[in-house]
Amino acid sequence: MAEATVQMLGIRKQFPSVLANDNVDFTAYAGEIHALLGENGAGKSTLMSILTGVLQPDSGEIRINGETASIRTPKDALQHGIGMIYQHFKLVKPFTVAENIVLGDGNVRVLKKKKLEAQVKALSERYSIEINPSTLVWQLSIGEQQRVEILKVLYRNANILILDEPTAVLTAEEVKELFVTLRKMTENGCTVIFITHKMNEVMDYADRITVLRDGRLVKTMTKAETDEKELAKLMVGREISMGRRNTTDTTTERELLRVQELTVLNDKKLEAVRKLSFSLYGGEILGIAGVSGNGQKELMEALSGLRPAVSGTITLKGENITKRSVRQRISDGVAFIPEDRYGFALVRELSVADNAGIKAYRLPEFSRGGIVSYKKLTKQAEDFIEAFEIKTGGPKSLVQSMSGGNAQKLILARETATNPDVILASYPVRGLDIKATESIHQILVKEKERGAGVLLVSEDLDEIFQLCDRVAVMYEGEFMGIVPIGQADLETIGLAMSGAARMEGDPNA
């Protein structure tokens with residue numbers, strides 16, 4: 001075995017309410033792609049934050065290339081060639097893509113806009129990461145913002161690269177291209193540490209795998225020594241179903257939502273959704289697959305009332321709601337789970353009870369004469385915590401202290417509390433671990449079995465095949481066809497996501 005590039009020995013990190021890392025040993029070698037697995041709260045992010053100097057361990061030692069390394073700050077980590085792409089982005093939204101990429105680089109003294117953008121353009125083309133260097137970050141979708149984070153690390157020539165769920169925004173072909181790039185880096189002696197919840201990616205691309213659970217090291221093994229079923233069990237401590245989770249055909253002929261010739265503009269005032277037409281029926285989950293940035297964000301915002309339609313109509317249960325407000329659509333039975341859970345769905349600085357009551361506080365059972373009953377809102381939050389098995393310090397604890405999976409459960413609890421007819425769900429399990437994903441999927445299936453229509457936006461084709469009754473592929477603001485899930489296959493969907501083919505079949509079969 002080659003000399004270890006990274007060694008973390010006996011790492012311990014205690015927070016006031018949790019022991020995040022309990023004497024963890026972790027070793028990643030030069031020339032390998034090392035997958036780090038574990039559900040949310042397992043200690044993965046804490047361990048990598050210690051390696052990158054964001055956090056300091058209570059005890060333990062870090063060695064880089066056999067030498068003890070003192071990594072007290074992220075700057076120290078960069079000097080050791082360590083770069084990390086975080087799950088929650090660290091971008092300055094009023095700045096351009098190029099400005100964000102060089103931000104913090106001490107070698108750039110004077111910003112020459114055209115030269116800088118040309119460098120970023122060349123870098124993006126080299127790694128096949130499509131992005132416009134002159135675009136302001138606030139104008140980008142969540143997926144496009146993650147591409148900027150990838151380029152930030154590559155720009156600094158890191159030889160120890162840590163990636164936290166970076167493929168969530170890529171097509172199957174782009175994932176392959178990314179790992180071709182990463183493999184080239186390992187062939188040159190680099191170390192790649194890859195945090196993911198996707199079993200297929202681990203089995204396809206990892207050389208070795210380390211599993212953490214409840215802050216402790218469970219096992220480190222080579223890919224040849226394990227399989228997806230065992231990895232899931234090691235992560236969670238019990239068997240997890242990896243197959244289809246939507247097993248009951250409950251689709252009705254009741255048309256809940258009809259979209260006709262809908263056109264919507266993006267933040268740049270360009271057409272993001274182009275004369276789109278489709279229907280959503282009661283008791284079904286209709287999936288929209290596609291690469292982020294092809295109009296999914298604008299479509300869901302238009303359906304929820306957050307973004308105006310330029311033309312076309314949106315009909316809910318036979319009534320035209322195209323010009324109705326967000327509040328009116330909520331009253332009409334539309335629920336929205338946005339792709340950015342902390343930017344749109346939750347206020348991190350507020351309590352669980354406050355966030356649970358964001359939609360309900362106006363209702364007569366929670367307020368009278370403009371005076372809100374916090375006792376009733378707290379009771380509602382307690383009911384949500386119990387019914388959805390939300391792990392939190394209680395109704396008064398802040399949302400920012402919750403894991404991503406539990407935060408997402410809180411959103412679903414709130415959005416489904418009034419038994420909505422239509423649930424708009426954008427990337428509902430993005431960044432979540434396998435256990436939280438299973439839980440969220442069960443909630444969505446339960447809602448569709450209740451009779452709701454669920455419109456699901458996802459780039460994860462495994463999720464599409466696990467959940468959906470029908471699937472559409474969105475490309476450049478248009479659908480490349482809608483087919484029953486039984487008539488879909490990975491190759492055809494992949495081609496449709498790149499605009500190379502249309503899906504054929506009876507959409508109502």
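The values are calculated or read from the model by the stated rules, or taken from the named source; none is laboratory data. The structure displayed is predicted, hence computed values, not measured ones. All Cβ positions, even for glycine, are placed from backbone atoms using ideal geometry, and neighbour counts span all protein chains on display. Just so you know, the surface numbers come from the protein's heavy atoms only, side chains and all, with ligands and any DNA or RNA stripped out. Shrake-Rupley method; radii C 1.70, N 1.55, O 1.52, S 1.80 Å.
Taking all Cα pairs closer than 8 Å and separated by 6 or more residues, the relative contact order of the range 382-423 comes to 39 percent. Summing Cβ point charges (Lys, Arg +1; Asp, Glu -1) relative to the Cα centre of the chain gives a dipole of roughly 1860 debye. Solvent-accessible surface of the chain, averaged per residue with a 1.4 angstrom probe and all protein chains in place: 44 square angstrom. Excluding Gly60 itself, what net charge comes from residues whose Cβ is under 15 Å from its Cβ, given Lys and Arg +1 and Asp and Glu -1? Residues near Gly60 contribute +1 overall. Comparing Ala30, Gln14, Ile71 along the charge dipole axis of the range 1-158, the residue lying farthest to the positive side is Ile71, per the Cβ-charge model. Within the range 297-324, name every residue whose backbone N is under 11 Å away from a label modeled 7 Å from Cα of Glu261 along the Cβ vector. Residues 311-313 fall inside that zone.
Think of each Lys and Arg Cβ as +1 and each Asp and Glu Cβ as -1; about the Cα centre, that makes the dipole of the range 4-65 roughly 100 debye.
Ordering Pro484, Leu410, Ala496 by Cα displacement along the dipole of the range 371-509 toward the positive end leaves Leu410 in first place; charges were set at the Cβ atoms of Lys, Arg (+1) and Asp, Glu (-1).
Quick one: Cα centre-to-centre distance for the range 391-444 and the range 325-366, in angstrom? That distance is 13 Å.
Each other residue within a Cβ distance under 11 Å of Gln296 adds +1 if Lys or Arg and -1 if Asp or Glu, for a net charge of -3. When you restrict to C-alpha pairs under 8 Å that are six or more residues apart and normalise by the size of the chain, the relative contact order lands at 15 percent. Across the range 255-294, C-alpha contacts under 8 Å between residues 6 or more apart give a mean separation that, scaled by the residue count, equals a relative contact order of 40 percent. Expressed as a whole percent, the accessible area of the chain that falls on carbon and sulfur atoms is 49 (1.4 Å probe). Per-residue 3J(HN,Hα) values for the range 307-318, derived from phi via the Karplus relation 6.51 cos²θ - 1.76 cosθ + 1.60 with θ = phi - 60°, read 9, x, 8, 6, 7, x, 10, 10, 10, 10, 6, x Hz in sequence order (x marks Gly and Pro). Binning the C-alpha pair distances of the chain at 10 Å intervals from 0 yields a P(r) profile of 4, 18, 28, 27, 17, 6, 1, 0 %, listed from the shortest bin outward.
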